[in-house]
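The structure appears below as structure tokens.
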Amino acid sequence: MSTPPVNLHLLKSALDGKEKEVVLLILGSGMSQAFDESEYEIIGTFPSLTESTDEKTVQGHPGIVALWNCDGTPILLSLGRRHLYEGIPLDQLTTLIRWAGLLGVGKLMLTNAAGGLNPRFSEGDCMLHRGYIPALLGRHRSRSFGQQLYQNFHSSPSSPVQTSTLLDKFADAASSEGVGVEEGVYAGVTGPNYETAAEIRMLRRMGADAVGMSTITEVEEGMRWGMQRLGLSLITNVLSDTRRRGVSHEEVTDVAASSRERLRKLLEIAVRVLATSE
Ligand code: HPA
């Protein structure tokens, strides 16, 4: 099993018998901006991508693991994540989830930046995941990728599903606090390219409401450990199959910055709902 990106001793003492209520919260592109550095205690950093450079992570992904106390609930924060298109083997994308699972952490909150496919969505909307499509489209190719997928297939739970009671609880809580949230199906692609017009049309026909380059393998790992899960996408751009307009990573992180307040509120609600559910 890959080396944990955290100081396990610090993590174990922070869990302190509260494993079942602890939430592992993974923050997507630009979303770490929803937190101030003074709010959390750093307990680890992502390992460098290669030994020869100190290159670490994609922009908008600080690569830090930290503890955050959210009104008494200990949260294990992953400020950023790794992606398949960085050349990371499938199983290493989920190292932190596996270590958390081993230590008894029972709740998982996944977030990401995504392109909006549903024509009702606008930039800055948040979408709760009602379902997932592992779409595996994109330009990412590596020699061992096929083999990894095959191995993953054999150890994979059936297709990713969501537990609707938890989703309903979250949607009710957000609505009673007056925070708007959309709902829909998230399609995960490999990237790193943004979608072509033909791919946008296909993803819509498949029933996807938003598309991003992460999360699917994390959902599957959470399912393996029996974790209770919620997933949320921030719609950083809306995709059109007629208007030719490129998307840039800077645009994605800028929208994340300007949606900071709403995102933060929704994260706090999600953490509360997860931490108090049986
Ligand atoms: N496509 C894929 N991933 C994304 C997008 C997109 O349009 N926006 C943010 N992440």
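By its C-alpha gyration tensor, with a ≥ b ≥ c as the square roots of the eigenvalues, how is region 8-275 shaped: rounded for a/c under 1.5, else prolate for a/b larger than b/c, else oblate? Here region 8-275 falls in the rounded category. Coupling constants for region 120-127 follow from the phi torsions by the Karplus curve (6.51 cos²θ - 1.76 cosθ + 1.60, θ = phi - 60°), and in residue order they are 6, 7, 10, 4, x, 5, 10, 10 Hz; glycine and proline get x.
Gain on full extension, evaluated as 0.36 nm per residue between Ser258 and Arg224 minus their Cα-Cα distance, stands at 8.8 nm. Distant-in-sequence amide contacts of Ile133, defined by a placed amide H-H separation under 5 Å and a gap of 5 or more residues or a different chain, comprise Tyr186, Ala187, Gly188. Per residue, the accessible area of region 8-275 comes to 44 Å², computed with a 1.4 Å probe over protein heavy atoms only. Placing unit charges on the Cβ atoms only, positive for Lys and Arg and negative for Asp and Glu, gives region 175-278 a dipole magnitude near 220 debye about its Cα centre. Multiplying the residue separation of Ser164 and Ser240 by 0.36 nm and removing their Cα-Cα distance gives an extension gain of 24.4 nm.
Taking every DSSP beta bridge that has both ends in region 8-275, the antiparallel portion is near 35%.
Between amide H atoms placed 1.01 Å from N, distances below 5 Å from Gly231 occur with Leu110, His129, all of them 5 or more places distant or on a separate chain. Remark: region 178-186, residue by residue, has Karplus-estimated 3J(HN,Hα) of x, 9, x, 9, 8, 9, x, 9, 9 Hz, where x stands for each Gly or Pro and the curve is 6.51 cos²θ - 1.76 cosθ + 1.60 at θ = phi - 60°. A simple spin-label model places the labels of Glu37 and Met202 4.3 nm from each other, with each point 7 Å out along Cα-to-Cβ.
Spatially, region 93-125 and region 164-232 are offset by 8 Å when compared through their Cα centroids.
Taking all protein chains in place and a 1.4 Å probe, what share, in percent, of the accessible surface of region 8-275 do carbon and sulfur account for? Here it works out to 50 percent.
The values are calculated or read from the model by the stated rules, or taken from the named source; none is laboratory data. Bear in mind that the values here come from a model prediction, so they are computed numbers and not experimental data. Cβ sites come from the backbone with ideal geometry, for glycine too, and all protein chains shown count toward neighbours. Surface accessibility is based on the protein's heavy atoms, side chains included, excluding ligands, DNA and RNA. Shrake-Rupley method; radii C 1.70, N 1.55, O 1.52, S 1.80 Å.
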